[in-house]
Amino acid sequence: MERFITAAIVGTEQSGDTALTTGTRIDELSSQLSEGGKERQLLLTAAVWGAYQNAGHLAESAPELPAPAQPESQDWHPLQRPQILEMLLAHKETALLQEALGYMQERRCRVPYDLLPAFLETVTRGKELREQALPLLGERGRWLSQHNPKWNWVNELFTEAGAIPAEQIEATWQEGTLKQRVEALRQQRLLAPDTARQWLQQSWKKERADTRAPLLEILALKLSPEDEDFLEKALDDRSEQVRLVAIRLLAMLPGSAFMQRMRTHADTLLHYKNGKISIHRPEALDKSWVRDGLINKVENTSGINDACQRVLEHLPFAYWEERFSLAPDQLLTTIENKTWQDALFTALSRQAVRTRHMAWIYSLLAFWQEEKPGKGRRQLNVVAVQLISCLPQSQAESLFKKMFQQDFALSTLDLQVLPRPWSHDFGMFYLDWAREVAHSFPINTEAGKTRLDYLRSSLARAALALPPSCFQLALQDWDLPELPEKYEYSTYYEHQQTKNSINQFLEILHLRKMIVEEIG
C-alpha cells in the first residue's frame with residue numbers, strides 16, 4: 001500500500017511501472033486496463049489490493065503430532081497418594097524432597113502424570129536432585145522433557161547413564177560435548193590407558209583452559225609411571241585448576257620426581273634428636289616451590305609455614321614409618337612446638353582422610369582425645385571432625401556422644417558428618433541431651449551458653465537425621481521454662497530464638513512423619 005501512496009504523491013510518470021505491480025494475480029487484471037491511462041490503473045489497482053488484503057488468507061497446515069511416549073514399565077506404578085509430593089515441591093527444604101524420592105525409589109513409584117511439569121521445574125532448579133529424580137520420571141516424564149529446552153538435562157543424564165558403544169568412542173571424543181568427551185576418554189582409559197593419554201596429549205594445546213582440568217582428571221584411572229612426563233609438563237600450565245590436578249596425580253605416584261622433591265624438602269625440614277622432632281623452616285624459597293604448588297610466589301615469606309605444611313601433607317605414610325618408626329600419636333608427642341605440632345596433625349589428618357588409612361585415623365584421634373585442644377587451637381577440632389567422618393557409623397556416633405557428655409569441642413562439632421538417618425540409640429541420646437539443655441533455661445554460665453548455642457544450631461540437622469523410631473518422643477511437647485519476672489533483653493532474645501528453633505524442628509519432623517506414612 002505504501003507504493004500506491006508514494007506513486008499518488010510523486011506522480012505515475014515519476015514512479016514508473018513497478019508502482020502498479022503487487023506480485024499477485026491482481027497484476028493480470030491490472031495489465032488489461034488499457035483505457036484511462038496510468039492514473040486510472042493506479043487507483044483501480046489500489047482499490048482491488050485493499051479488498052484483496054481484507055479477504056484473509058489460507059490457514060497454515062497443522063504441524064504433525066509428536067510421537068507418543070513409550071509405554072511405562074510394568075515394574076513401576078504411579079504414587080498413590082501424591083498430595084505430600086505436591087506439598088514438598090513447594091517447600092524450600094530440598095532434603096525433605098530427597099528423602100521422599102528415596103522412598104519412592106524403594107517402592108518403585110513414579111511421579112503421577114499431572115505433577116510431572118511441576119516436578120521437572122523443581123528438579124531443574126535443584127541440580128542435586130536430578131540423578132535421584134531420573135528413574136522416577138517414567139517414560140512420560142522423559143517424553144515431556146523433550147518439549148521444553150530447560151529440561152534438556154533429562155536426556156543428557158539418560159545419555160550419560162548409558163555406555164558409549166566401543167566403535168563410537170573415538171568419534172565421540174573428537175566431536176562430542178565436553179561431558180560426552182570426558183565419558184569417552186574415561187571409557188578409553190579403562191580399555192587402553194596409553195591410547196587415552198595419547199589422545200589427550202594430541203588435543204592438549206587445542207583444549208580451552210576450563211576443559212583441560214576435567215579431562216586431566218581422567219588420568220587418575222589406571223594411573224601409572226608412564227603418565228608422569230605428561231603430568232610434569234602440566235605443572236607449567238597457565239590454569240591453576242590444571243596445575244592442582246597435576247599435583248594431586250603426581251602425589252599418587254610414589255616414585256615420581258615430584259614425590260622425590262617432597263622427600264628432599266622434608267629431609268631438610270625435619271630434624272630428630274634426643275627423642276624430639278623439630279622443624280627448621282627455610283629462610284627463603286626458590287621457584288621450584290612455586291612450580292610444585294607449595295607457595296604462590298617466592299617473595300611471599302609470610303607463607304613459608306603454609307608451604308612447609310603442604311610439603312608434609314604430600315608425604316606418604318611410608319616416609320614417616322621408615323624414618324621415625326613411630327605411630328602418629330607418638331610422632332606428634334615428640335614435637336614440643338605447639339604451632340608445628342598442630343601443623344603436622346593437620347597434614348597427617350588430611351592425608352589419612354584422603355587415603356582412608358584407618359590405622360592412622362584411629363591413632364590421630366587417640367592423640368586428639370588425649371590432647372583436648374582448647375579454643376586457641378580450634379582448627380584441630382575442625383580437622384578431627386573430618387577424621388571422625390571416616391569411622392563406621394556406630395563408632396562415629398559413640399565418639400560424638402563422649403564429646404556431648406564432656407562439653408568438648410561443641411563449637412566445632414558438625415553433626416553433618418554423621419550418616420543419615422542416625423541410629424535409634426544416638427537419636428534418643430541426642431533428644432535427651434537437647435531437652436536437658438532446653439529445660440535449663442535461663443542460662444548464666446559461659447559453658448551453658450555454648451551448649452544452648454549449639455542446641456539451636458544443631459536442631460535443624462537433627463530434624464533431618466532422626467530415625468522414624470524417634471519421631472514419637474521428638475514430637476512430644478518440649479515445655480520450655482517460662483521467663484523469670486525480671487529479665488534482661490538478651491535473656492528474652494535467647495528464649496525466643498530457642499523457641500523458634502524448636503518450632504522449626506517440630507515443623508520439619510511433622511513433614512517427615514507424613515512422608516514416612518504416605519510414601520515410606
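The values are calculated or read from the model by the stated rules, or taken from the named source; none is laboratory data. Quantities reported herein were computed from a predicted structural model and do not represent experimental measurements. Reconstructed Cβ throughout: ideal geometry from the backbone, glycine too, with neighbour counts over all protein chains shown. Ligands, DNA and RNA are stripped out before the accessible areas are found, and what is left, the full protein with its side chains, is counted by its heavy atoms. Shrake-Rupley method; radii C 1.70, N 1.55, O 1.52, S 1.80 Å.
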Over the stretch 245-336, how many percent of alpha carbon pairs lie in each 5 Å bin up to the one with the longest distance? 2, 12, 24, 24, 18, 14, 6, 0
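For GLN174 and TRP153, calculate 0.36 nm times their separation in residues minus their Cα-Cα distance, and state this gained length in nm to one decimal. Don't jump to the answer; show the numbers that get you there.
Working: separation 21, 0.36 × 21 = 7.56 nm, distance 2.18 nm.
Result: 5.4 nm gained on full extension.
Please compute the per residue accessible area over the chain with all protein chains in place, 1.4 Å probe, rounded to a whole number of Å². Walk me through the numbers before you get to the answer.
Working: 28980 Å² over 520 residues.
Here the residues of the chain average 56 Å² of exposed surface.
Is the shape of the stretch 107-244 best called rounded, prolate or oblate, per the rule: a/c under 1.5 gives rounded, else a/b larger than b/c gives prolate, else oblate, with a ≥ b ≥ c the square roots of the Cα gyration tensor eigenvalues? Walk me through the numbers before you get to the answer.
Values: a/c = 2.77, a/b = 2.23, b/c = 1.24.
The shape class here is prolate.
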I want to check the label-to-label distance for LEU253 and TYR52. Put each point 7 Å from Cα in the C-beta direction and report it in nm to one decimal. 7.8 nm
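If you roll a 1.4 Å probe over the stretch 23-75 with all protein chains in place, what percent of the accessible area is carbon or sulfur? Walk me through the intermediate numbers first.
Values: 2530 of 4580 Å².
Of the solvent-accessible surface of the stretch 23-75, carbon and sulfur hold 55 percent.
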Rounded to 0.05, the calculated FRET efficiency for the beta carbons of SER440 and ARG81 at R₀ = 45 Å is 0.60
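Rounded, prolate or oblate: which fits the stretch 178-240 when a ≥ b ≥ c are the square roots of the eigenvalues of the alpha-carbon gyration tensor, with rounded for a/c under 1.5 and prolate only if a/b beats b/c? The partial results should precede the final answer.
On the way: a/c = 1.83, a/b = 1.15, b/c = 1.59.
Because a/c hits 1.5 or more and a/b fails to exceed b/c, the stretch 178-240 counts as oblate.
Relative to the Cα centre, what is the charge dipole magnitude of the stretch 222-290, using +1 at the beta carbon of each Lys and Arg, -1 at the beta carbon of each Asp and Glu, and rounding to the nearest 20 debye? If you can, show how the numbers build up before the last one.
Values: 11 positive and 11 negative charges, 86 e Å.
So the magnitude is around 420 debye.
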Please report, in whole Å, how far the alpha carbons of the chain spread along each principal axis, starting with the longest. 125, 69, 54
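Once a ≥ b ≥ c are taken as the square roots of the eigenvalues of the Cα gyration tensor of the stretch 301-342, is the result rounded (a/c under 1.5), prolate (a/b larger than b/c) or oblate (a/b not larger than b/c)? List each step's numbers first, then the result.
Details: a/c = 3.24, a/b = 1.42, b/c = 2.28.
Here the stretch 301-342 falls in the oblate category.
Relative contact order of the stretch 75-193, please, whole-number percent, based on alpha carbon pairs below 8 angstrom and at least 6 residues apart. Mind dumping the intermediate values first?
Details: 94 pairs, mean separation 21.8, N = 119.
Relative contact order comes out at 18 percent.
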Looking at PRO481, MET403, PHE441, which one has the Cα that reaches farthest to the positive end of the dipole of the stretch 393-520 (charges on Cβ: Lys, Arg +1; Asp, Glu -1)? MET403
Compute the distance in nm between two label points, each set 7 Å from the Cα along the Cα-to-Cβ direction, one at ARG130 and one at GLU39. 7.2 nm
Under the definition of Cα pairs under 8 Å and six or more residues apart, what whole-number percent is the relative contact order of the stretch 362-520? 21 percent
Hits in the stretch 281-306: amide N under 20 Å from the 7 Å Cα→Cβ extension of ASP236, namely 286-298
Search the structure for amide H atoms under 5 Å from the amide H of ILE277, placed 1.01 Å from N in the peptide plane, and list their residues when 5 or more places away or on another chain. ILE335, GLU336
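Over the residues of the stretch 138-196, compute the C-alpha Rg and express it relative to 2.2 N^0.38 Å. Please list the in-between numbers first.
Details: Rg = 13.7 Å, N = 59, 2.2 N^0.38 = 10.4 Å.
The stretch 138-196 yields a ratio of 1.32.
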Just how much of SER394 is accessible, in Å², when a 1.4 Å probe is used and the result is rounded to the nearest 10? 80 Å²
Length released on extending from GLN369 to LEU65, taking residue separation times 0.36 nm less the Cα-Cα span: 102.5 nm
Cα-centre dipole for the chain with unit charges at Cβ (Lys and Arg positive, Asp and Glu negative), debye to 20: 1360 debye
Ignoring ligands and nucleic acids, what accessible area does GLU121 show with a 1.4 Å probe (Å², nearest 10)? 50 Å²
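Find how much the distance from LYS401 to LYS205 grows on full extension, using 0.36 nm per residue of separation minus their present alpha carbon separation; answer in nm with one decimal.
Extending this stretch completely gives an extra 65.1 nm.
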Mean separation of Cα contacts under 8 Å, 6 or more apart, over the residue count of the stretch 129-252: relative contact order %: 15 percent
Lysines with Cα under 16 Å of LYS372, excluding same-chain neighbours fewer than 8 positions away: LYS338, LYS401, LYS402
Distance cut-off 25 Å, Cα to Cα: go down the list LYS449/LYS499; LYS150/LYS222; LYS92/LYS127 and report the pairs above it. LYS150/LYS222
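Taking only the C-alpha atoms, wrap a convex hull around the stretch 38-182 and report its volume per residue in Å³ as a whole number.
Values: hull volume 37.7 nm³, N = 145.
Per-residue hull volume (Cα only) is 260 Å³.
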Less than 26 Å apart at the alpha-carbon level, and either on another chain or at least 8 residues along: which lysines does that give for LYS297? LYS205, LYS233, LYS287
